[in-house]
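First comes the structure, then the notes that go with it.
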Amino acid sequence: MFRYEDLLKEVDLFCRHGVETGVVGESELKQRIPYIFVGKKNGSYMIVQGAMHAREHLTALLVVCLAKHLVKNGDMPMEGGIYFVPMTNPDGVRLCQEGVGFVSDKERKSNLLTINGGSDFTLWKANADGVDLNVNFDAHWGEGAQNGYYRSACNYVGKAPFSAAETRALKEFTERIKPCVTLSYHLKGEEIYWEFDQKGHRRFRDKRYAEAISRYTGYPLVTLTGSVGGYKDWCIERLKIPAYTVEVGKDSFNHPFPYSELNTILQQNLDLPRRLLNTVARDRQRLVGTGLAALYE
Ligand SMILES: [Zn+2]
């Protein structure tokens, strides 16, 4: 299992090898949410994030491995830089892997046990406040078919958009970085979500990149109805950039998802971040000075 402390060690290793690392922000329980930056500082950036859902912690290791692959192959052309955020939800991941033992606040601890209905948190998806981070973003917030309105292991939208420390941190980080594309790793199903009611040129553009992701990974594009308030949704609606959720891992496995599948998942995604960034960044550069340039601003 890949733990939060393993992530901190990995980040430290990147740092010692001269790779830029830093902090996106802090979780509800004041744990740092680290990032690893690989590539050039030329204004064309991508954010790749994982483990927004606690029980999907395998995606944190996946994102670390994708970053490592790029560092090891530093001679491959990159049209910009990638901010890898392996674990957006460190509190949730710890809860899922360790149970409530690490939570120091007694009241929070007992609330979590009540919400969860026991001490086994292995299927927990939310943060340490019972908020499902991927429905806490301001994009048709609270209007989803599966949305919940009280604290829970999953689906609770929170008191308001960005009420969770983790979503606020990722929002502010994203607004600061101004990425031209984002990629979110979730588990499971081997499928790609790319839509959030885009129209016209943007729809055409976003679908074209989605099809490229599909060709590379072998995962089909899927239309989700009634799903709102996610990071990808907010990126598409508010930032007007292409943004993708990639669900890795075969659906036939149950959670907790077996780590033995990591190699298969890695093979399907190994060079995806670089390829996607290059495609989007080259399109932007080509359109500079044309009427379509605004599409990429
Ligand atoms: Zn998920």
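The values are calculated or read from the model by the stated rules, or taken from the named source; none is laboratory data. Just so we're clear, the structure is a prediction, and the values are computed from it rather than from any experiment. Glycine also receives a Cβ, built like all others from the backbone with ideal geometry; neighbour counts cover every protein chain displayed.
Some notes on this structure:
- Against the test of being surrounded by 15 or more Cβ atoms within 10 Å (Cβ to Cβ), more than 22 Å from LEU133 (Cα to Cα) and modelled with pLDDT of 95 or more, the options THR264, THR279, THR245, THR182 yield a single qualifying residue, THR279.
- Residue check, LYS199 surrounded by 13 or more Cβ atoms within 10 Å (Cβ to Cβ), closer than 25 Å to TRP141 by Cβ and basic (Lys, Arg): no
- Screening the candidates PHE121, PHE137 for the property of being within 16 Å of the ligand (Cβ to nearest atom) and farther than 30 Å from ILE213 by Cα yields one hit, PHE121.
- Single condition LEU66 does not satisfy, out of (1) touching a Pro at 6+ places or on another chain (Cβ under 9 Å); (2) within 16 Å of the ligand (Cβ to nearest atom); (3) under 16 Å from VAL248 (Cβ atoms): (2)
- For first residues located in the stretch 48-63 and of a type in the set (Asp, Glu), partners that are within 9 Å of the ligand (Cβ to nearest atom) and lie 6+ apart or on another chain with Cβ distances below 9 Å form the pairs GLU56/LYS125; GLU56/TYR185; GLU56/HIS186; GLU56/LEU187; GLU56/LYS188.
- Scanning the stretch 168-179 for residues that are surrounded by 20 or more Cβ atoms within 10 Å (Cβ to Cβ) and either in contact with a His (Cβ under 9 Å, 6 or more places away or on another chain) or free of Cβ contacts under 8 Å to residues at least 40 places away in the same chain (or both) yields a count of 0.
- Qualifying positions in the stretch 217-242 - of a type in the set (Val, Ile, Thr) and either surrounded by fewer than 18 Cβ atoms within 10 Å (Cβ to Cβ) or within 16 Å of the ligand (Cβ to nearest atom) (or both): VAL222, THR223, THR225, VAL228
- The residues in the stretch 105-136 that are surrounded by 20 or more Cβ atoms within 10 Å (Cβ to Cβ), part of a loop (DSSP other than H, G, I, E, B) and β-branched (Val, Ile, Thr) can be counted, and the count is 1.
- Under the condition of being away from the ligand (no atom under 16 Å from the Cβ) and crowded, with 20+ Cβ neighbours inside 10 Å, the residues counted in the stretch 141-156 number 1.
- Against the numbered list (1) at negative phi; (2) surrounded by 15 or more Cβ atoms within 10 Å (Cβ to Cβ); (3) touching a residue at least 12 places away in the same chain (Cβ under 8 Å), LYS250 comes up short only at (2).
- Scope the stretch 193-251; condition within 19 Å of ILE177 (Cβ to Cβ) and of a type in the set (A, V, I, L, M, F, W, C); matching residues: TRP234, CYS235, ILE236, LEU239, ILE241, ALA243
- Filtering the stretch 243-273 to residues that are within 16 Å of the ligand (Cβ to nearest atom) and hydrophobic (A, V, I, L, M, F, W, C) leaves ALA243, VAL246, VAL248, PHE253, PHE257, ILE265.
- Residue match in the stretch 254-277 (condition: within 17 Å of the chain's Cα centre (by Cα) and among the hydroxyl-bearing types (Ser, Thr, Tyr)): no
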